[in-house]
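**Student:** This is the structure, below, for whatever I ask next.
The values are calculated or read from the model by the stated rules, or taken from the named source; none is laboratory data. If you're wondering where the values come from, they're calculated on a predicted model, not measured in any experiment. All Cβ positions, even for glycine, are placed from backbone atoms using ideal geometry, and neighbour counts span all protein chains on display.
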Amino acid sequence: MESLSFIETSMEDKIGFITLNRPKQYNALNRQMIHEIVTAAEAFDRDPNVRVILLSGNGQAFSAGADIDEMAEEGAVQMELRNQFADWDRLSLIKKPIIGAVKGYVLGGGFELALSCDLLIAGSDTRFSFPEVTLGVMPGAGGTQRLTKLVGKTKALEWILTAERIDAETALQYGIINRITEPENVLMEAREMAEKIAAQAPLAVRLIKESVHKAVDYSLYEGMQYERKNFYMLFASEDQKEGMQAFAEKRKPNFRGR
Ligand code: CAA
């Protein structure tokens with residue numbers, strides 16, 4: 001396991017683990033920490049031995065959001081010149097699936113980080129919220145956009161305007177998370193899901209992720225054309241031959257990501 005300043009990373013069974021490691025501050029995300037998360041995710045994305053990325057947090061909470069101490073004295077011009085959220089944008093360019101294992105507080109930027117994951121397993125104690133309005137600001141790393149696209153305008157407005165906490169059951173009901181489990185089992189469940197995906201053909205997994213994400217922004221027609229090109233493209237892969245041959249021979253396929 002490699003310990004950077006604010007995160008830990010490791011790799012096992014084709015899964016790249018990124019663990020937020022600032023438990024005393026509920027994994028509040030300072031700029032350096034976001035930079036480390038994104039850099040680690042990009043390194044796993046390039047590593048052919050990694051097929052899925054699993055993001056979790058040490059301690060009781062996934063993350064209490066952006067580091068308020070770091071932002072308190074900031075100015076608008078400073079933020080614009082620094083291009084404050086550029087690192088966050090890089091996270092949406094990761095091609096491999098990212099599974100988030102969350103529990104406890106998932107607030108503000110922590111909620112935005114969770115919404116940047118492709119799949120979410122949540123502990124029954126999880127509380128999601130956008131408390132930015134109580135600080136005199138608003139979500140800035142995609143919260144107003146991602147939550148609205150996911151749950152619709154009505155609930156997104158209610159939750160972001162009131163900073164109300166969303167419990168795990170409600171999050172499941174609105175499709176924010178995939179599954180609920182006991183908080184102590186979150187990592188194990190996420191890992192089981194990661195193992196299932198890691199056993200599939202990596203190129204197919206990659207293009208499925210891309211195609212599903214396009215459905216959020218594209219018209220149905222554009223999305224269908226995009227899907228079709230990706231479908232055809234997979235017939236250029238060795239794994240398509242291997243997958244279909246293994247089916248005919250009644251054996252498990254051995255996918256190699258080519
Ligand atoms: N930034 C910086 N430090 C934080 C933090 C944050 N977001 N959240 C918690 N901490 C720190 C506290 O300052 C405290 O540090 P000290 O021990 O040094 O005093 C430590 O973590 C423990 O916190 P509390 O003593 O407050 O613990 P609690 O159990 O009473 O409350 C909490 C926990 C409800 C998470 C509370 O800390 C809290 O409300 N935190 C702020 C949550 C928030 O407003 N997040 C949104 C940030 S803005 C944002 O994310 C913008 C964006 O879109 C990018």
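**Student:** Do any helices (runs of 4 or more DSSP H) entirely within the stretch 185-235 hold 2 or more residues that are without any contact (Cβ under 8 Å) to a residue 60 or more places away in the chain, within 21 Å of the chain's Cα centre (by Cα) and surrounded by 14 or more Cβ atoms within 10 Å (Cβ to Cβ), and if so, which? Full working, then the answer.
**Tutor:** Working: elements: 186-198, 202-217, 220-234.
Fully inside the stretch 185-235 and qualifying: 202-217.
**Student:** Looking only at residues that are outside any loop (DSSP other than H, G, I, E, B) and modelled with pLDDT under 95 in the stretch 1-30, which one is nearest to the ligand (Cβ to nearest atom)?
**Tutor:** Keep residues of the stretch 1-30 that are outside any loop (DSSP other than H, G, I, E, B), which gives 2-3, 7-12, 15-20, 23-25, 29.
Still in the running and modelled with pLDDT under 95: 2-3.
Working: GLU2: 25, SER3: 20 Å.
Going through the qualifying residues, I end up with SER3.
**Student:** Continuing with this model, one more query. Mind checking which residues of the stretch 132-165 are in contact with a helix residue (DSSP H, G or I) (Cβ under 9 Å, 6 or more places away or on another chain) and near the ligand (Cβ under 9 Å from one of its atoms)?
**Tutor:** GLU132, LEU135, VAL137, MET138, PRO139, GLY140, ALA141, GLY142, GLY143, ALA163
**Student:** OK, next. So for the stretch 155-162 (the condition being among the small types (Gly, Ala, Ser), free of Cβ contacts under 8 Å to residues at least 24 places away in the same chain and assigned to a helix (DSSP H, G or I)), does at least one residue qualify?
**Tutor:** Yes, there is a match, as at least one residue in the stretch 155-162 is among the small types (Gly, Ala, Ser), free of Cβ contacts under 8 Å to residues at least 24 places away in the same chain and assigned to a helix (DSSP H, G or I).
**Student:** Could we say that ILE121 is over 23 Å from LEU20 (Cα atoms) and either surrounded by 18 or more Cβ atoms within 10 Å (Cβ to Cβ) or at pLDDT below 95 (or both) here?
**Tutor:** no
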